[in-house]
1. I'm told residue 138 meets every condition in (1) farther than 14 Å from residue 256 by Cβ; (2) within 16 Å of the chain's Cα centre (by Cα) except one. Can you identify the failing condition by its number?
2. Say we look at the stretch 22-41 and pick out the residues that are open to solvent by 100 Å² or more (accessible area, probe 1.4 Å) and over 38 Å from the mean Cα position of the chain (by Cα); which of these is nearest to residue 12 (Cα to Cα)?
3. Take the stretch 434-443 and flag every residue that is surrounded by fewer than 22 Cβ atoms within 10 Å (Cβ to Cβ) and either farther than 12 Å from residue 360 by Cβ or among the charged types (D, E, K, R) (or both).
4. Given the conditions (1) among the polar types (S, T, N, Q); (2) under 30 Å from residue 220 (Cβ atoms); (3) in contact with a helix residue (DSSP H, G or I) (Cβ under 6 Å, 6 or more places away or on another chain), report the number of the one that residue 388 does not fulfil.
5. For the stretch 209-305, which strands (runs of 3 or more DSSP E) that fit wholly inside it have 2 or more residues that are open to solvent by less than 30 Å² (accessible area, probe 1.4 Å) and at pLDDT below 95?
6. If I ask for residues that are without any contact (Cβ under 8 Å) to a residue 12 or more places away in the chain and either under 22 Å from residue 263 (Cβ atoms) or in contact with a Leu (Cβ under 9 Å, 6 or more places away or on another chain) (or both), which ones from the stretch 343-372 would you list?
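The values are calculated or read from the model by the stated rules, or taken from the named source; none is laboratory data. Keep in mind that what you see is a predicted model, and the values were worked out from it rather than measured. A quick note on method: Cβ atoms are made from the backbone with ideal geometry, for glycine too, and the neighbour counts reach across all protein chains shown. SASA here: full protein model, heavy atoms, side chains in, ligands and nucleic acids out. Shrake-Rupley method; radii C 1.70, N 1.55, O 1.52, S 1.80 Å.
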Amino acid sequence: MRYLPKSPADRATMLHEIGVAAIDDLFATVPAEYRLGHDLNIPRQLGESEIIDYFKHAAALNATGYSSFLGAGAYRHYRPVIIDSLVQRGEFLTSYTPYQAEITQGTLQAIFEFQTMICELTGMDIANASMYDGSTGAAEAVMMAVRITGRDGVIVARSVHPEYREVMQTYAQHQGHSAGEIGFGEDGRVDLAALDAAVTEQTACVLVQSPNFFGIVEDIPAIAEIAHKKGALLVVSIAEAVSLGIVRPPVEADIVSLEAQSFGVALSYGGPYCGVIAAKEKYVRQMPGRLVGETKDKQGRRGFVLTLSTREQHIRREKATSNICTNQALVALMTTIFLTVYGKEGIRELALQNLAKANYAAETLGGTAETRLLFKRTPRFHEFVLETEESVESVSSRLLEKKIIGGLPLAKWYPELGNASLWCATELTTREQIDQVASVLANSPVAATSRA
């Protein structure tokens, strides 16, 4: 059985064995005012058929008939059905860390193929398969750069995903490293002059994102030149993996942190996702997580093994690079299957579709009297920023009435942008949905007041 319920008699026997009269006695050390009361107003238990009906109803309220223009690090792409068919096979679904190579060749080969594909996409020499998501991947990449350079200064672009920056700051403050931020210019890109002034001989690395949080493609060669001339490393974070189908990979970077959720991993209300670190081969000893390599057995047959694992459970704690240790192989397998199904040309076509949809959406939604497209002269992928005369909250409320989930409000992180919101269009976004948004925006109460 998956679950082992205990009868009242079983519980009484267990309590007697440990020498207490009731379960509440186990919590006697917790002051009474902080204990949870018994009157929790919990509804009655449901039968299996009732539970299924409940979740069908809840799913209909949450998703059915809605169109969504949210992105910001969690992207809605089509997932080929073969992905779930394969990852739900018992030999993959129940597999844990492949310590014993002789009985885990399938999992090891899948990780090896995953690493190979990530290297081809990013232009890096090596890749791992053990980050939790893009945010922890970016933070671990920064810590990796600190170890490599022996410096403790970190410069982070404000155009990096705000939540990625928050995770990185948490890592930095408890590691004793200083982290400063650099702003963006009127084009939405990193302010190169300010970056040049900020990088010093104490800077371990510069962290940027491309496409950045606003969907804009950064000038990676120029940023790399500024970082490298002072001996700092360049870490490039990529939150939207599909962009690599058409955007030039950041080959000038020293370390690339990638969120591969778009490659066949469901949104799933926020996780689990698929974080990756790829880097130049000379930095392999400082990579967190694990790497799988190819070898041959005594008979000369091709095989796969854990080549490098630098987490603290495997080596002396003081030599470990990270305590990142959860096996992400199942999620990495989803990505591997997705990339295999699409292939090189398929990924490029997918990226072109996303680019075309977003371009139409940006021009349609950002070219009215009620809205303005920000950073419109800068290359972007499938996200863009709209500024509206009407408050973002009001716009979102009116869109929800039409079963449309609008853009992400940016005031929390970028108050200087005014009534700005971040919008995303993928291959699943239709022209009809975009036109419907345009119709709602055109009926803005602000515009009606102006016309009156």
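1. Only one criterion in (1) farther than 14 Å from residue 256 by Cβ; (2) within 16 Å of the chain's Cα centre (by Cα) is unmet by residue 138, namely (1).
2. 27
3. The answer is 435, 436, 439, 440, 442, 443.
4. (2)
5. Details: elements: 233-238, 255-259, 275-279, 290-296.
Filter on the stretch 209-305 gives 275-279, 290-296.
6. Initially, the stretch 343-372 is screened for residues without any contact (Cβ under 8 Å) to a residue 12 or more places away in the chain, giving 343-346, 356, 359, 363, 367.
Answer for the stretch 343-372, where residues must be without any contact (Cβ under 8 Å) to a residue 12 or more places away in the chain and either under 22 Å from residue 263 (Cβ atoms) or in contact with a Leu (Cβ under 9 Å, 6 or more places away or on another chain) (or both): 343, 344, 345, 346, 356, 363, 367.
Rundown of residues vs (1) more than 30 Å from residue 436 (Cα to Cα); (2) assigned by the TED database to the domain that holds residue 396, yes/no style:
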residue	(1), (2)
25	yes, no
33	yes, no
41	yes, no
46	yes, no
62	no, no
71	no, yes
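Residues checked against (1) touching a Phe, Trp or Tyr at 6+ places or on another chain (Cβ under 8 Å); (2) without any contact (Cβ under 8 Å) to a residue 12 or more places away in the chain; (3) surrounded by 13 or more Cβ atoms within 10 Å (Cβ to Cβ):
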site	(1), (2), (3)
385	yes, no, yes
388	no, no, yes
407	yes, no, yes
427	yes, no, yes
432	no, yes, no
445	no, no, no
